[in-house]
1. Tell me the residue from 162, 146 that is in contact with a Lys or Arg (Cβ under 9 Å, 6 or more places away or on another chain) and among the polar types (S, T, N, Q), please.
2. Among the residues of region 211-226, which ones are over 22 Å from the mean Cα position of the chain (by Cα) and of a type outside the set (A, V, I, L, M)?
3. With a cut-off of at least 1 residues that are modelled with pLDDT of 50 or more and open to solvent by less than 20 Å² (accessible area, probe 1.4 Å), name the helices (runs of 4 or more DSSP H) lying wholly within region 331-419.
4. Only residues that are modelled with pLDDT of 75 or more and closer than 19 Å to residue 157 by Cβ: list them for region 305-330, please.
5. Could you please give the count of residues in region 242-255 that are part of a strand (DSSP E or B), open to solvent by 30 Å² or more (accessible area, probe 1.4 Å) and either closer than 30 Å to residue 359 by Cβ or free of Cβ contacts under 8 Å to residues at least 24 places away in the same chain (or both)?
6. What are the residues in region 231-250 that are under 25 Å from residue 287 (Cβ atoms) and modelled with pLDDT under 95, if any?
7. Would you be able to say whether some residue in region 208-218 is touching a Leu at 6+ places or on another chain (Cβ under 8 Å), modelled with pLDDT of 95 or more and farther than 30 Å from residue 142 by Cα?
8. Which count do you get for residues in region 137-174 that are of a type in the set (S, T, N, Q) and either modelled with pLDDT of 90 or more or open to solvent by less than 20 Å² (accessible area, probe 1.4 Å) (or both)?
Amino acid sequence: MGTLALCSHYSQLSWKRSIIVALLLFHLCCLQVWASCRILRCNSDFVAVTLDLGGSGGGGGGSREGGNAGYCSALRSYAMCTRRMARACRGDLAYHSAVQGIEDLLIQHSCPRTGPTAQPRPLPQAPISGDACIYEKGYLQREGRTPDYLHCGVFGDPHVRTFRDEFQTCAVQGAWPLIDNEYLYVQATSAPMRGGAYATALTTITIIFKNWRQCIEQQIYQAELDNVPTAFVDGSVTSGERQGQYSLSVHSDLPGHQAEIRAAHIGTTLVVRQSGRSLGLSVRSPRAIAEAFTPEQDLQLCVYGCPPSQRLETLPSPSSSSSSSQLSAAAHVHCAALLPARDIYYQACLFDLLATGDLNSSTAAVAALEDARGMISDPNKVHLLLGGKADRSSPCLPLILAVAVLSERLVALWTGKCL
């Protein structure tokens, strides 16, 4: 009896120790993530903007956007900042208080949830000269070579080819950031498609070019399904004029369905187009521009791909019915005729056809491939094979597995002593 009681007491202590070790390791692993919550930065930026407006929002609860545009822009900018912090600030009370406060203020001041955003007043800067607003020329002068370019494509159901040449199919719905760095913010809105059992499509793409030195002031481009404009939201087709050249310009080979935006000051080209019943985006950007973001800006589909919980298998689950088999065979024939290479674009074509049953959906993959050919300098890198890149696991995963193994061995050890 004494030995049994001793073993029971010893086992309880071992369990407590193993739990403490597990929690300590988990805390150390995730401490860096928690430390990246910078909600105070969002708060201070909002205060800086509203100080220029008098800090009060310009009126009471009956304010309208027409008379209170500046304050509403500041609130939208504040909300955007908190969305960037969502992952890093999970569980932070100050963060959740800020989110709720923004929601209340948007309602109180009758602010639309979409529209221009405000930024803090920039610090005084020395005048720039020469070709400082033409990224490629400046880079060539500094480095003696042209910059390295990255490509991202988002199209179809939606499928994402990231800057890291990973390919994923997402189940995302609602608004998601595609790019979020110091110079550029791109957001896409995805909604369910009619006629598809689980198909989604991009219905809105919003591109915000942020204030940058004396080259440009904030400029916004927005496209919606059946409306791909050839101008920015303010009606202009150029912006940021300097010495007879423009930092931003919009062109179109197919007005209403396609637009190409050239941002010379950051050496970036963006193509927005409608294919079938969905929008698509293709981006070519210098590596230094695409990678100019902070740790809290960790939700970018073009950089990290879809969140793991939002990823789909490459193809829908096959059905045993004869009609589904016939559709699958027809899809293979149709996509093979359009996309002979059995690469990610071929797989995306199959996915969209089988998900929607609409032959027009295949045009999204064809257009994305054409954009990739125009934006990727090395032809050998255009046809990305499925599974060519391994998924990046969470840095905590190996440690969590180690904790699990440690706990199991401890249990086995204590159980063996008490037999």
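The values are calculated or read from the model by the stated rules, or taken from the named source; none is laboratory data. Just so you know, these numbers come straight off a predicted model, no measurement behind them. Note that each Cβ is placed from the backbone with ideal geometry, even for glycine, and that neighbours are counted across all protein chains shown. Surface accessibility is based on the protein's heavy atoms, side chains included, excluding ligands, DNA and RNA. Shrake-Rupley method; radii C 1.70, N 1.55, O 1.52, S 1.80 Å.
1. Being in contact with a Lys or Arg (Cβ under 9 Å, 6 or more places away or on another chain) and among the polar types (S, T, N, Q) holds for just one of 162, 146, which is 162.
2. Within region 211-226, 213, 214, 215, 217, 226 qualify.
3. 344-356, 363-375
4. 305, 306, 307, 308, 309, 310, 311, 312, 328, 330
5. Here the count works out to 2.
6. 239, 240, 242, 245, 246, 247
7. Taking every residue of region 208-218 in turn, none turns out to be touching a Leu at 6+ places or on another chain (Cβ under 8 Å), modelled with pLDDT of 95 or more and farther than 30 Å from residue 142 by Cα.
8. Final tally of qualifying residues: 4.
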